[in-house]
Amino acid sequence: MKKLLSFILVFVLIFSCGAVAFAQGEEYIPTVHVTGMANTDLIMDKGLETEKQVFGAEEDDMNTMIQNLVFPLVLFLLGGSEARFAVSLVDAVKPVFEHIKYDGNGESVYNISIEDEPEIDYDYSTFTYDWRADPMTVADELNEFVEKVKAHYAAEKVNLIAESMGGVMTSAYICKYGYSDLNAVIYRSTAMYGLTLIGELYTGRFDFEADELAQYINNFMFGESSQQVIIRSLIRYVAPLIVSPLINKIDRFFENESEHIYDEFLIDIFGYLPGLWSFVPAEYYEEAKKFMLDEEENAELIEKIDVYQYEVRPLINSTIKAMEADGVTVAFVSHYGFSAIPATQSKSYMADALIDTRYTSGGATCSDFGKTLGDNYVQAVNDGHNHISPDNIIDASTCLLPEKTWFVKGMLHTWYSDDYRDLYAYILQMKGEATVYSNPRFPQFLMNSEDDGTTLPMTEENMNFNSDKVTFAIAFDFIKGLFQK
Ligand SMILES: [Zn+2]
């Protein structure tokens, strides 16, 4: 009896302590990270003898591709025919991507699974998916995962951190299932409004030139050690002289042979993936369908991809406003300071090296890459605050949420720093109250320091990374140092 009593006492004690802790502490709200494209690999015939990784490609497949390309490329560069090289190129590259393709109705041709399934974790649960799939189908999977996470932690709501393509899936999910399960959504570098790059590629506007390619690569050569500066200078000023004639030859090749490359490779492999169609911006969409698809043969696919384009994307802005009004915390984090991949006719827009900054920020006005808004520029919307970046490149006043959109310069599309955790934690803790004015640590414009991996408020001193002035100053010091030794 005594034993039983003490047992009950202990039980009551534990229970009441737990209840007190629960009453005093905040309810735990789990966070789900809605990952970007290809965050997990694609596997064919998972668990079977024929199992094979098909995206990213296995090393053997890449090696075979390179081996099959070397001889035709040398022949072509020595004056061989463009048409013959086009055939060799497609024949070499296509097998590497063959197994990711969908049929003309928008269904996977092969038996494909993702390598890593979505995973529940106290810190950040991770939602992974097959990036090729119809976003409306992925939305079902995301909903299922949100329900699982909620049940696991006995939580009523979750936070979503949507990155890159994760923004597309999050938008499809909210459109289909509403936002009653959401406490907060942070949109980081998302593709939900599309990418100019894909719009251009899907309308046949392939184009690149040597100096632009060199400039693009040069953008990634951060750092101010003399070695980095020398490499940067070589790429910037010397490489174009050598590479230019070759690249111009290749550029002409793509111009003349693009029909073969699109018909035999690009359309067949990438043209029928519903996931990628969500990347085509509204202004390119109808033209892209005409260019890539056949109205009758691809009718089922078109029916699928039209849903994101016409039933989800046009509602994103009004839904975000409604979410805010109903107490959901919403914020944007957008990167800039880079041009887009210089593979199309339109490439001067400000980007994070992949997605347009005006898209990832929900509508900022941005200067072109390498330019500023101009000395006489006046903020587009006068709301009593300054929303122009210290470097005069971004006007955030035209954003959907000008007070809740943060910009990070010098941060590539897929990058982030440890400081993002603090920024996210601050946004989530403050609920709807966190704005670009509420914390001096996180003003609207931040600067990534590649040297020490920090994200700091942008100032007049740190706002120009990788500038010619810095390059020349360090190159001069380096040369001076040589003579002093
Ligand atoms: Zn304002």
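Assorted remarks:
- Span from the the stretch 143-195 Cα centroid across to the the stretch 390-453 one, whole angstrom: 20 Å
- Take every pair of alpha-carbon atoms less than 8 Å apart whose residues are at least six positions apart; their mean separation over the length of the chain yields a relative contact order of 15 percent.
- Packing-based exposure ordering (other Cβ within 10 Å, fewest first) of 389, 108: 108, 389
- With a simple spin-label model that places each label point 7 Å from the Cα along the Cα-to-Cβ direction, the separation between residue 123 and residue 326 comes to 3.2 nm.
- Counted charge near residue 84, where neighbours are those whose Cβ lies closer than 14 Å (Asp, Glu -1; Lys, Arg +1): -4
- Nearest-20 debye value, the stretch 45-115 charge dipole, Cβ charges on Lys, Arg, Asp, Glu: 360 debye
- Net +/- balance of residues flanking residue 320 in space, Cβ distance below 15 Å, scoring K and R +1, D and E -1: +1
- Entry note, the chain: the mean residue ellipticity at 222 nm calculated from DSSP H runs of n ≥ 4, each adding -39500 (n - 2.57), is -13000 deg cm²/dmol after division by the residues and rounding to the nearest 500.
- Between residue 165 and 37, 191, the built amide H atoms are under 5 Å apart, and every one of these is 5 or more places off in sequence or on another chain.
- Count Lys and Arg as plus one, Asp and Glu as minus one, and take only other residues whose Cβ is under 12 Å from that of residue 168; the net charge is then -1.
- Computed Kirkwood radius, in angstrom, where 1/r is averaged over Cα pairs of the stretch 45-115: 13.9 Å
- 26 Å Cα-Cα reach of residue 480 towards lysines, excluding residues that sit fewer than 8 places from it in its own chain: 469
- Its Cα gyration tensor gives the chain an equivalent ellipsoid, and the semi-axes of that ellipsoid, as √(5λ) in whole Å with the largest first, are 41, 32, 23.
- In nm, spacing of pseudo-spin labels at residue 225 and residue 392 (7 Å Cα→C-beta vector): 3.5 nm
Here, each number is a calculation from the coordinates, and none is a lab measurement. Since the structure is predicted, the reported quantities are computational estimates derived from the model, not experimental observations. Here the Cβ is made from the backbone with ideal geometry for all residues, glycine too, and neighbour counts use every protein chain on show.
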